[in-house]
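The values are calculated or read from the model by the stated rules, or taken from the named source; none is laboratory data. Remember, it's a predicted structure, so these values are computed and weren't measured experimentally. Cβ: placed from backbone, ideal geometry, glycine included. Neighbour counts: every protein chain shown.
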Amino acid sequence: MRTEIKIPLILGIVIVSAVIGFSLFLSSLESQVLEFKNGDNQTNIVTNENKINKSEFKKAPKLVGISEYINTLPDELQEKIDQSVVLYDIWTYSCINCIRTLPFITSWNEKYADEGLLIIGIHSPEFEFEKDVTNVKNAVAKYGIKYPVVLDNEKKTWKAFENNYWPRKYIADHEGYIRYDHIGEGGYQETEKVIQKLLKERSDSMGIEPILDEELVQIKEFEHSWIRTPELYFGYDFATGRNQLGSPEGFKPNQDVIYSIPKSTQLHYFYLDGTWKNLEGSMKLVSNSGSIVLPYSGKEVNIVTAGEANLRINIDGMTIDPSIYGKDVGVNGQVHVHEPRLYNIVQTDKPEEHTLEIFVETPGFQIYTFTFG
């Protein structure tokens, strides 16, 4: 082949080869780009499939009508709520059911606060004395509460949550959706598992690695007796629809009534002796002395009282035996009432039926409720 023909031919072959090679390279590159995009789409699809549909959940309401803040400040608290998993605990400090939950709640605070859990105690009072911030602060210190507590004295936040119970726990995720709701005592392991789950969701959304101890808090729960006397109210307003005052004189709103104890008494009813003023939330001793008689069933008896007095406690006609002293019973079976709160009078290992007698020799003593376990 002539040289002048051979050289252009070789150049042509080289150029064609280069074009074909470049085309193949672009095709390969395009294929890789498409593969990468498709990979992204698959990831998004999986993510979207796993994303929780929160349309069925309500957002946690704002804290409204708060009169006092303990362990926090308003602006500081709102800042903490944002992007936290929030456990809202609606409680009041003289409620025995609320008190029994506190060891678990304080333990969760200690365990998970650094991992994104914020606990807020919403203190919604049942009685007037529970509105006093000093009384609430004393209770917060007594029960070792380190998390924020807000005083919902007019129950505006209570109403915003559409609540009707003490205690009640709501848990909102880091986006503010209420994902869990528990009424009363118990359910502690279930509740803690929800906390762990929502903290994991929070970590995933923030792209951080959670450091969670998945072992659940172990605290011995109080075991209620199946058959026990129901809560008994001394205030005429609270007793409406659940009147278990056995004295024949009955309730007489805002009046001083001279009560007597009948010869025959009935289980689950309370009886009064002496002159007592009927108040909306309590009864107040007017005479120099008085007594309360209560045939009850259960293994724990508590009273909610106010005013300063020494109470003498009898069980079945005898001074209470030291073997069944409640936590607040002192020497010679007496209870010194010195601040408005719940006092534990009787504790037994198993449910028992007894007649409790409380003797008072101090005018001005007030009693609100009996509660049982």
Among what's in the stretch 155-168 and is of a type in the set (D, E, K, R) and in a loop (DSSP other than H, G, I, E, B), pick the residue that is nearest to Ser124 (Cα to Cα).
-> Lys155
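Please tell me if Glu223 is exposed (fewer than 12 other Cβ atoms within 10 Å of the Cβ) and either in contact with a helix residue (DSSP H, G or I) (Cβ under 8 Å, 6 or more places away or on another chain) or not small (Gly, Ala, Ser) (or both).
Working: exposed (fewer than 12 other Cβ atoms within 10 Å of the Cβ): yes; either in contact with a helix residue (DSSP H, G or I) (Cβ under 8 Å, 6 or more places away or on another chain) or not small (Gly, Ala, Ser) (or both): yes.
So Glu223 fits the description; yes.
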Out of all the residues in the stretch 282-308, which are surrounded by 24 or more Cβ atoms within 10 Å (Cβ to Cβ), over 24 Å from Glu353 (Cβ atoms) and under 30 Å from the mean Cα position of the chain (by Cα)?
-> Ser282, Met283
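Taking the conditions exactly as written (surrounded by 16 or more Cβ atoms within 10 Å (Cβ to Cβ), at negative phi, touching a residue at least 60 places away in the same chain (Cβ under 8 Å) and not β-branched (Val, Ile, Thr)), does Tyr165 satisfy them or not?
Numbers: surrounded by 16 or more Cβ atoms within 10 Å (Cβ to Cβ): no; at negative phi: yes; touching a residue at least 60 places away in the same chain (Cβ under 8 Å): yes; not β-branched (Val, Ile, Thr): yes.
Considered against the rule, which asks whether it is surrounded by 16 or more Cβ atoms within 10 Å (Cβ to Cβ), at negative phi, touching a residue at least 60 places away in the same chain (Cβ under 8 Å) and not β-branched (Val, Ile, Thr), Tyr165 comes out as no.
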Are any residues in the stretch 51-107 in a helix (DSSP H, G or I), surrounded by 16 or more Cβ atoms within 10 Å (Cβ to Cβ) and outside the structural domain of Trp166 (by TED's automatic domain parsing), and if so, which ones?
-> none
Scanning the stretch 142-156 residue by residue, the ones that are loosely packed, with under 15 Cβ neighbours inside 10 Å and within 15 Å of Leu117 (Cα to Cα) total 1
Could you grab me the full set of residues in the stretch 240-281 that are more than 16 Å from Ile358 (Cα to Cα) and either basic (Lys, Arg) or buried (at least 16 other Cβ atoms within 10 Å of the Cβ) (or both)?
-> Arg242, Gln244, Phe251, Lys252, Val257, Lys263, Lys277, Asn278, Leu279, Gly281
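Conditions (1) farther than 30 Å from Tyr269 by Cβ; (2) part of a helix (DSSP H, G or I), marked per residue:
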position	(1), (2)
Ala141	yes, yes
Asn153	yes, no
Trp226	no, no
Phe238	no, no
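Given the criterion assigned by TED's automatic domain parsing to the domain that holds Glu115 and in a loop (DSSP other than H, G, I, E, B), identify the matching residue among Glu214, Glu175, Glu192.
Values: Glu214 fails: assigned by TED's automatic domain parsing to the domain that holds Glu115; Glu192 fails: in a loop (DSSP other than H, G, I, E, B).
Within the list Glu214, Glu175, Glu192, the selection yields Glu175.
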May I ask you to list pairs of residues, at least six apart or on different chains, whose Cβ atoms are under 7 Å apart, with the first in the stretch 246-261 being over 11 Å from Leu279 (Cβ atoms) and the second being modelled with pLDDT of 95 or more and acidic (Asp, Glu)?
-> Val257/Glu249; Tyr259/Glu249; Tyr259/Asp273; Ser260/Asp273; Ile261/Asp273
Identify, please: which residue in the stretch 309-325 is outside any strand (DSSP E or B) and in contact with a strand residue (DSSP E or B) (Cβ under 8 Å, 6 or more places away or on another chain) and is, among those, surrounded by the fewest Cβ atoms within 10 Å (Cβ to Cβ)?
-> Gly317
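Quick one: is Ser297 assigned to a loop (DSSP other than H, G, I, E, B), modelled with pLDDT of 95 or more, hydroxyl-bearing (Ser, Thr, Tyr) and touching a strand residue (DSSP E or B) at 6+ places or on another chain (Cβ under 9 Å)?
Working: assigned to a loop (DSSP other than H, G, I, E, B): no; modelled with pLDDT of 95 or more: yes; hydroxyl-bearing (Ser, Thr, Tyr): yes; touching a strand residue (DSSP E or B) at 6+ places or on another chain (Cβ under 9 Å): yes.
It is false that Ser297 is assigned to a loop (DSSP other than H, G, I, E, B), modelled with pLDDT of 95 or more, hydroxyl-bearing (Ser, Thr, Tyr) and touching a strand residue (DSSP E or B) at 6+ places or on another chain (Cβ under 9 Å).
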